[in-house]
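To keep things clear, I will list the structure first and then write my remarks on it.
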Amino acid sequence: MDIDDMDFPLPESTTTGGSDSFPGMPQIDAQAKSQFLNNLSKQFEDVKLAENDEQFRDWICLYPIYFDKSRSLQKGRKLPKSLCVDNPHVKQLAEAVRRVGCSVCYEPHKTHPRDFFNQGRVRVRLNDDNKHPVRPDIPSRKVLMQKVGQILPSVDIEREKEPTLEDVLGYDPSNPPPGSAAGPLGAIAGGSNTTSRESSAKPATGGPGAKESKKSKKKAKSKGGNKGNKGKQPLV
């Protein structure tokens, strides 16, 4: 099995009911997910959106990273740079495959392990149930990618908005609400750290420098004492 056809799902929340592990963080519910898929269906009339991908298991996978001009061949690019674009995304890729004329399945919640933050991939039906090419002129994945690469530069379509730290936290991290600055997230968001300030204000009392300072003072004191007693006789 080709490793590029393996599943690498994005992390999903395991919170089910009850109190949230992170109060105040927005949770993605089933209704929001359904609305998201419906919006995509309107944008791509000929693209199938997969919630249950069992029926697409034999379809090959294509990821945006394969067509990323900024990547080296060792880092995930699979085509010459002349057939690649800058910052490709999955909506752009799905539209290019559709224009080639192949059946395509859009999986927005999958991701490539080397391109984790560029979400989404597409599955393309390359062979029929008898393992024969659906399109005689597209006998392999390589030929398919070449055809997609030729079309990709002409596909001008807006990418999905990527989540920001503000989306995740539920508030502007530069202006956190009262009580939100405690803990690791508070430190990231710019919360105060009284302990670190106090400790940094205290003078150092240990280490090699401190020892040398003590020796110098002791030596100076000793010299001063000898100078004061010069020429005097002890009392009998």
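Every read-out reported here was derived from the displayed coordinates using simple, explicitly stated rules and does not represent laboratory data. All values reported here derive from a predicted model rather than from experimental measurement. A quick note on method: Cβ atoms are made from the backbone with ideal geometry, for glycine too, and the neighbour counts reach across all protein chains shown.
Here are the numbers:
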item	result
Only Lys, Arg (+1) and Asp, Glu (-1) charged, at Cβ; the range 65-166 dipole about Cα centre in debye	480
Global form of the range 66-151, assessed from the alpha-carbon gyration tensor, a/c cut-off 1.5	prolate
Sequence of 54, 107 once ranked by neighbouring C-beta atoms within 10 Å, starting from the fewest	54, 107
Spin-label pair residue 70/residue 146, simplified geometry with 7 Å Cα→Cβ offset, distance in nm	2.8
Cut-off 20 Å, label 7 Å out along Cα→Cβ of residue 157, residues of the range 104-147 by amide N	104-112, 117-126, 144-147
